[in-house]
Amino acid sequence: MKKLATFTELGISETLMKSISNMGFEEATPIQSQTIPLALEGNDVIGQAQTGTGKTAAFGIPLIEKVDMNVDTIQGIVVAPTRELAIQVSEELYKIGQSNRVRILPIYGGQDIGRQIRSLKKRPHIIVGTPGRIIDHINRKTLRLQNVHTVVLDEADEMLNMGFIEDIEAILAGIPDERQTLLFSATMPGPIQRIAERFMKNPQIVRVKSKEMTVPNIQQYYLEVQEKKKFDVLTRLLDIQSPELAIIFGRTKRRVDELSEALTLRGYAAEGIHGDLSQAKRLSVLRKFKEGSIEVLVATDVAARGLDISGVTHVYNFDIPQDPESYVHRIGRTGRAGKTGMAMTFVTPREMGQLKIVERTTKRKMDRMTPPTIDEALEGQQKMTVEKILSTVESENISYYKRAAEELLEEHDSVSIVAAAIKLMTKEPDQTPVRLTEEAPVRVKRDKFENRGGGGNRNRNKGGHQNSHRNNSGRSRQSTGKRRNYRKND
């Protein structure tokens, strides 16, 4: 296996290396070690990489290196598909540029525009924004891009799927021709290739191989389950596996709402996240999830794009994703930073063909898992209780409780007392009836994934897309037919 380069070998300045060291970075990931030297030389770069491969630092380091601190104008702009990703990218760029004191400003829909205008007057060096809100500020003349020397398009294929292609073209057309353009995309459908041809100069292409994208330290399983039995199987898995932090993926916003409500009804600490939630609510849910006050996050693909949450141990694909790339994004939420993770995908009998497409694209065969029974779920919960009791015996001061225990033993046998204690502490499988709206199975022609040209209609039923577009733009404007189609669905 080829040894990864260290950041000190990539030609980065001492000032920036100080920030990188403070962040704990030492070895560069494949996308970083290949992209950074090319970008530092001034090349346009196309990077094919998924979330979780370290691409933010891959474009962020050369972007910040080029900022002239003596010039108080916007010099770099990063365009991202969702506000969550824009926030995450701006936070990481802030850390990278801390030693240089580079000023970073995120702008996105759902945030007060007046506040953004006031922040823009403070002359940031780098803007990170969603396409709609960037266009809004350009039209208001509150954002001027005549001094921009570097443009980054992050998750370009996702912006295509969300109907942002015209916005991207308008943004690029308003930036000086003498600029550097860095484009990152998991796939390269036709419209993205045409943007590269039209707006980029002799771009250098960096690809991360599939085996690096699928993350080998994730155990991947599938369960063949009828639609109406999915929820009971999910709760049994949660009872048996007892994940520390888990993300459950649903295909639509309605699915996410119903799943999070049903899980709460059954006694799980769960909340959902999708494009219809206010920004404040989304950030609140994510904060609670990171802190561990909720154990299960239910999400749509779009809402979870770009989320950098450490410590996720389990991913459950309640609905199989509509394309293999989304599958890779989903399972990439776990198995990070050298840790192992588990990913389970529920597949209805009519979706087995889609499972084969995912396996073929990711070059990784999933192991079959048999859906657990109620007895197995109860056994899993009992096992957890026994472990807690043994841990308490070994590590806690229980002398204060021994007198009460001795009195109990005078009247009852020890097995009955221990059994009663285990019963009291065990979360027994909840049979509270829940009702989920059935989702139609994924039916996709094989060539839709293997020979995709457009991709604009790829995710029409993905929860969150249509609303993300509306919220990201943060204004009322004429929509193309494609955008209207996105809003109608789900």
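Nothing in this text is a laboratory measurement; each read-out follows from the coordinates by a stated rule. For clarity, every value in this text was computed on a predicted model and none was experimentally measured. Positions of Cβ are generated from backbone atoms using ideal geometry, with glycine treated the same way; all protein chains shown enter the neighbour counts.
Values of log10 I(q)/I(0) for the range 214-374 across q = 0.08, 0.09, 0.11, 0.21 Å⁻¹ run -0.20, -0.25, -0.39, -1.58, by the Debye formula with one identical scatterer at each alpha carbon and no solvent.
When the pairs LYS122/LYS290; LYS18/LYS95; LYS18/LYS55 are compared against a 22 Å limit on Cα-Cα distance, LYS122/LYS290 fall above it. Computed from the C-beta positions of THR340 and GLU224 and an R0 of 25 Å, the FRET efficiency is 0.55 to the nearest 0.05. A protection proxy built from the mean count of other Cβ atoms within 10 Å ranks the segments 108-119, 178-189, 313-324, most packed first, as 313-324, 178-189, 108-119.
Report the Stokes-Einstein translational diffusion coefficient (µm² s⁻¹, integer) for the range 105-210, Rh taken as the Kirkwood radius over Cα pairs, at 4 °C with viscosity 1.567 mPa s. In µm²/s, the coefficient is 88. Packing, taken as the mean count of other beta carbons within 10 Å per residue, orders the peptides 128-138, 92-102 from highest to lowest as 128-138, 92-102.
Using only Cα atoms, what is the ratio of the radius of gyration of the range 7-209 to 2.2 N^0.38 Å?
Numbers: Rg = 15.6 Å, N = 203, 2.2 N^0.38 = 16.6 Å.
The reported ratio for this selection is 0.94.
Remark: spin-label model distance ASN147-LYS423 equals 7.5 nm, labels positioned 7 Å along the Cα→Cβ axis.
Scoring 74-85, 269-280 by mean Cβ neighbours within 10 Å over their residues and listing the highest first yields 74-85, 269-280.
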